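These notes concern the structure reproduced below.
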Amino acid sequence: MPLNLQPILRLLDTPELTDVLINGTSSCFVDCGDGLKQVEVPYVDEAQLAETARWLIALADRHLDFANPIADCVVSAVELGLMGKARFRVHAVLASASSPNTLLSIRRHQPVQLGVESFVGGRL
């Protein structure tokens, strides 16, 4: 487990959050349904961000390393130790020839329950 998951878990535990985009230690954007807003970068250490990215990808039994510097996966809130039924799509790129920074993007997929009522009258 990474040394400090609190910065990313604090962001992901925001109920209205839909997206997190982290560009190394230089910028971070979040979307809570009203467009991207720049926020304080949760990691000031590139190595810690890379370790967090590797840990998130490993939750889905995938590998993120110098031989495989790009990875995608889906993890659940429960796997992250968060409450709820949300699932998160995680995309990570380690600092390499493709980018000087570790890049991490996370999208929250809310569980949607559709009933018959949703199909009646075109309310879908």
Any idea how many residues of the stretch 1-15 are open to solvent by 50 Å² or more (accessible area, probe 1.4 Å) and of a type outside the set (Lys, Arg)? 6
With closer than 15 Å to Trp55 by Cβ and not β-branched (Val, Ile, Thr) as the only criterion, which of Leu21, Leu5 stands out? Leu5
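Kindly check whether there is at least one residue in the stretch 64-73 that is aromatic (Phe, Trp, Tyr), out of contact with any Cys (no Cβ under 6 Å at 6 or more places or on another chain) and open to solvent by 10 Å² or more (accessible area, probe 1.4 Å).
yes
For the stretch 26-36, state whether one or more residues are within 23 Å of Asp65 (Cα to Cα) and either free of Cβ contacts under 8 Å to residues at least 24 places away in the same chain or not polar (S, T, N, Q) (or both). Break it down stepwise before answering.
Going residue by residue through the stretch 26-36, those that are within 23 Å of Asp65 (Cα to Cα) are 26-28.
Those still in the list that are either free of Cβ contacts under 8 Å to residues at least 24 places away in the same chain or not polar (S, T, N, Q) (or both) too: 27-28.
Yes, the stretch 26-36 has at least one match.
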In the stretch 24-49, which residues are polar (S, T, N, Q) and surrounded by 18 or more Cβ atoms within 10 Å (Cβ to Cβ)? Gln48
Just to check your reading of the model, which residue among Thr52, Thr18 is more than 21 Å from Pro100 (Cβ to Cβ), at pLDDT 90 or above and surrounded by 15 or more Cβ atoms within 10 Å (Cβ to Cβ)? Thr18
Restricted to the stretch 75-111, and to residues that are at pLDDT below 85 and over 19 Å from the mean Cα position of the chain (by Cα), which residue is most open to solvent (accessible area, probe 1.4 Å)? Ala97
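The values are calculated or read from the model by the stated rules, or taken from the named source; none is laboratory data. Just so it is clear, the structure is predicted and the values come from calculations on it, not from any experiment. Cβ coordinates were reconstructed from backbone atoms using ideal geometry, including for glycine residues, and neighbour counts include every protein chain displayed. All accessible areas refer to the heavy atoms of the entire protein, side chains included, with ligands and DNA or RNA removed. Shrake-Rupley method; radii C 1.70, N 1.55, O 1.52, S 1.80 Å.
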